[in-house]
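Report on the structure given below.
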Amino acid sequence: MATMRVEPKPELAPMMVAQISKPGGDFEIVEREVPEPGAGQVRIKVQACGVCHSDILTKEGLWPGIQYPRVPGHEVAGVVDELGAGVNSWRKGQRVGVGWHGGHDGTCRECRRGDFRNCQNVKICGISYDGGYEQYMVAPAEALVSIPESLTDVEAAPLLCAGITTYNALRHSGALPGDLVAVHGIGGLGHLGIQFANKFGYRTVAIGRGGENAALAKKLGASEYIDSKSTNGAQALQKLGGARVILATAPSSKAMSELIDGLGPNGKLMVIGATFDPIEVTPVQLINGSRTIQGWAAGTPADSDDTLSFAELSGVRPMIETYSLDKAEEAYARMMSGKAQFRVVLTIGE
Ligand SMILES: [Zn+2]
Ligand SMILES: [Zn+2]
């Protein structure tokens, strides 16, 4: 029998990571040393991480300057595991999350104006640094969000990107209670957008392709459903009086272009479904009725706090499918297929 050699015990066992090592590469499940938090940083023991369509930016290398290998994931829910030097605003064991907004410098012109979302040195979780497709991650303390007790990790994770994006876009859209608000697309973003729109007191109209989501859309809080496959969506909206806001969640510029004529006076197309194709609109379409088109990206960690508090208060919850971390490739493919009902979440903690 061979004699056993006793290895010195590492402080923490290696952790499992799902990384991308080059643009367009597959997910690689590898082991890494658990990272140490630097000054101003916090280490999080990740419990769950949502799989978002924007993870394509990391997967395919579509974000300028991204460095590899990189671990995607910006819908992170976990527990504070270790504090770096100078961090006193969080405590070990506290349930926290990190969303798209992964940190800001606090000193640039925009930060000095309180506009952290447009910080000139804004960091994006899973792009600027490794995100939540791993067992332990390190994030700047200012990027953290507190998770309310009544939300589970898998419920909280999708609210940190899909949730905050729909919630924040709607609450800044200018629509008031009673206004007609259409949510285009019943998917990862849309199924949350419909719930928020309903809880905000809007007359909520869901627009989907085909009739199969009509019953679900109504269950989520839509008072009307428009099937854009069998009906002209813009005309249908005009019949209802014209939309004050159309929340465009489906990543289809063509579909967005076709809906612009469904806006009422002072109506706004609020664009959150990200694509690289141009939206087509004529100046006359915008001039008549003073219509606007606006884009919206997630929000700050404080906006995420608001999103989670509102979800807790109102009962808004994501519908999810879960996969284990070692199935990251499968989970990502499921999200990309557009067939997930409706958010894919990696379960990472035990
Ligand atoms: Zn996202
Ligand atoms: Zn800044």
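The values are calculated or read from the model by the stated rules, or taken from the named source; none is laboratory data. Predicted, not measured: the structure shown is a model, and the values here were computed from it. Don't worry about glycine lacking a Cβ; one is built from the backbone with ideal geometry, like all the others, and counts go over all protein chains shown. Note: accessible area is taken over every heavy atom of the protein model, side chains too, but ligands, DNA and RNA are not part of it. Shrake-Rupley method; radii C 1.70, N 1.55, O 1.52, S 1.80 Å.
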| Restricting attention to segment 305-315, which residues are within 26 Å of residue 219 (Cβ to Cβ) and either aromatic (Phe, Trp, Tyr) or part of a helix (DSSP H, G or I) (or both)? | 306, 307, 308, 309, 310, 311, 312, 313, 314
| message | Given the criteria away from ligand 2 (no atom under 16 Å from the Cβ) and either buried (at least 24 other Cβ atoms within 10 Å of the Cβ) or closer than 30 Å to residue 223 by Cα (or both), does residue 143 qualify? | response | no
| Which one of the conditions (1) open to solvent by 10 Å² or more (accessible area, probe 1.4 Å); (2) part of a loop (DSSP other than H, G, I, E, B); (3) farther than 24 Å from residue 296 by Cβ does residue 215 fail to meet, given that it meets all the rest? | (2)
| task | Looking for whichever is farther than 19 Å from residue 84 by Cα and at pLDDT below 95 here; the options are 21, 54. Which one fits? | result | 54
| note | Only unsatisfied item for residue 29, checking (1) part of a strand (DSSP E or B); (2) within 22 Å of the chain's Cα centre (by Cα), is (2)
| note | By residue number, the members of segment 102-127 that are within 14 Å of ligand 1 (Cβ to nearest atom) and not aliphatic (A, V, I, L, M) are 102, 125, 126
| message | Residue pairs, Cβ under 6 Å, 6 or more apart or interchain, first in segment 203-215 and within 15 Å of residue 341 (Cβ to Cβ) and free of Cβ contacts under 8 Å to residues at least 24 places away in the same chain, second open to solvent by 40 Å² or more (accessible area, probe 1.4 Å) and part of a loop (DSSP other than H, G, I, E, B). List them. | response | 210/229
| remark: Those residues of segment 128-139 which are away from ligand 1 (no atom under 16 Å from the Cβ) and of a type in the set (Phe, Trp, Tyr) amount to 136
| query | Is there a residue being part of a helix (DSSP H, G or I), without any contact (Cβ under 8 Å) to a residue 60 or more places away in the chain, within 16 Å of ligand 2 (Cβ to nearest atom) and farther than 28 Å from residue 29 by Cα anywhere in segment 187-196? | reply | no
| field | Residues of segment 256-271 satisfying the condition of being among the hydrophobic types (A, V, I, L, M, F, W, C) and open to solvent by less than 20 Å² (accessible area, probe 1.4 Å) | value | 256, 259, 260, 263, 269, 270
| query | Pick from 340, 302, 297: which is at pLDDT below 95 and closer than 30 Å to residue 105 by Cα? | reply | 297
| field | Hits in segment 60-101 (condition: open to solvent by 10 Å² or more (accessible area, probe 1.4 Å), within 16 Å of ligand 1 (Cβ to nearest atom) and not in a strand (DSSP E or B)) | value | 60, 62, 63, 66, 100
| request: Assess whether residue 107 counts as being within 16 Å of ligand 2 (Cβ to nearest atom) and β-branched (Val, Ile, Thr). | output: yes
| Considering residues of segment 294-350 that are among the basic types (Lys, Arg) and under 15 Å from the mean Cα position of the chain (by Cα) only, the residue surrounded by the fewest Cβ atoms within 10 Å (Cβ to Cβ) | 317
| message | Whether any residue in segment 52-59 is within 16 Å of ligand 1 (Cβ to nearest atom), among the aliphatic types (A, V, I, L, M) and open to solvent by less than 40 Å² (accessible area, probe 1.4 Å) is what I want to check. | response | yes
